[in-house]
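Notes follow once the structure below has been shown.
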Amino acid sequence: MAYNIVPLNELINQFEKLPGIGRKTAQRLAFYMLSQPAERSKAFADALVGAKEKIHFCSVCQSLTDRPICSICSDSTRDKSTICVVEEPRDVMAFERTREYKGLYHVLHGALSPLDGIGPEQLKIRELMARLSDPAVKEIILATNLTVEGEATASHISRLVKPLGIRTTRLAYGIPVGGDLEYADEKTLLCALEGRNEI
């Protein structure tokens, strides 16, 4: 149903652009926001604008941060010998929920997908290779999603890393093939991490 109220329609349209949000859910969200006190709506809008303005990529791992270097990269207690390579910043959060992985991360910001025009140049692979010149790095864990694109990305990175003599491992298949890391529970992620294999 279309409403003859332009600002309401625009709000619904914006919510509908969010991933996983259909028209009905967008309408519910829009009406919910309109039912809230003005200060709550303003706080929501300010948080969105503030996050967009203040959050950027960590200069080391390419994850999200509001500082030049994120809290994980700047933590002196982290194991600097291991780098876990993931597709998206939300995957870092998934691993951190296990509270077991103590190494560093590198975020690619996607996976290879030639049909979508995503090649190695569109990912943060060059930045990863620069980090691997550090003699402290002994292992990289390829924790890309277990999809066709994720597997292609892992294979590509593995070929680049092999000549460097750095141990390259892949997550064990405790995570369902075709699944996204952000939806895996902590136990599944931990089992996959512990059962990783050299590739």
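The values are calculated or read from the model by the stated rules, or taken from the named source; none is laboratory data. The structure presented is a predicted model; accordingly, all values stated were derived computationally and were not measured. Counting neighbours? That spans all protein chains shown, and the Cβs are built from the backbone with ideal geometry, glycine included. Side chains are part of the model used for accessible areas, which takes the heavy atoms of the whole protein and leaves out ligands, DNA and RNA. Shrake-Rupley method; radii C 1.70, N 1.55, O 1.52, S 1.80 Å.
Taking every DSSP beta bridge that has both ends in the chain, the antiparallel portion is near 30%. Using the average count of surrounding beta-carbon atoms within 10 Å as a protection proxy, the listed peptides 180-186, 28-34, 58-64, 92-98 rank, highest first, as 58-64, 92-98, 180-186, 28-34. Spin-label model, residue 42 to residue 109: label points 7 Å out along the Cα-to-beta-carbon direction sit 3.4 nm apart. Relative to the Cα centre, the charge distribution of the stretch 1-159, modelled as +1 at Lys and Arg Cβ and -1 at Asp and Glu Cβ, gives a dipole magnitude of about 320 debye. Just the protein heavy atoms count here, and of the accessible area of the chain at 1.4 Å, carbon and sulfur take up 58 percent. Overall, the ratio between the Cα radius of gyration of the chain and 2.2 N^0.38 Å, rounded to two decimals, is 1.22.
Projecting the Cα positions of 136, 114, 195 onto the charge dipole of the chain (unit charges on Cβ atoms of Lys, Arg, Asp and Glu, taken about the Cα centre) puts 136 furthest along the positive direction.
Quick check for you: with a 1.4 Å probe and neighbouring chains kept, what is the accessible area per residue of the stretch 39-162, in Å²? Accessible area per residue, the stretch 39-162: 54 Å². Pull out a ≥ b ≥ c, the square roots of the eigenvalues of the alpha-carbon gyration tensor of the stretch 107-179, then state rounded if a/c is under 1.5, prolate if not and a/b is larger than b/c, and oblate in the remaining case. Cα axes put the stretch 107-179 in the oblate bin.
Once the C-beta distance of residue 25 and residue 136 is scaled by a Förster radius of 41 Å, the resulting FRET efficiency is 0.30 to the nearest 0.05.
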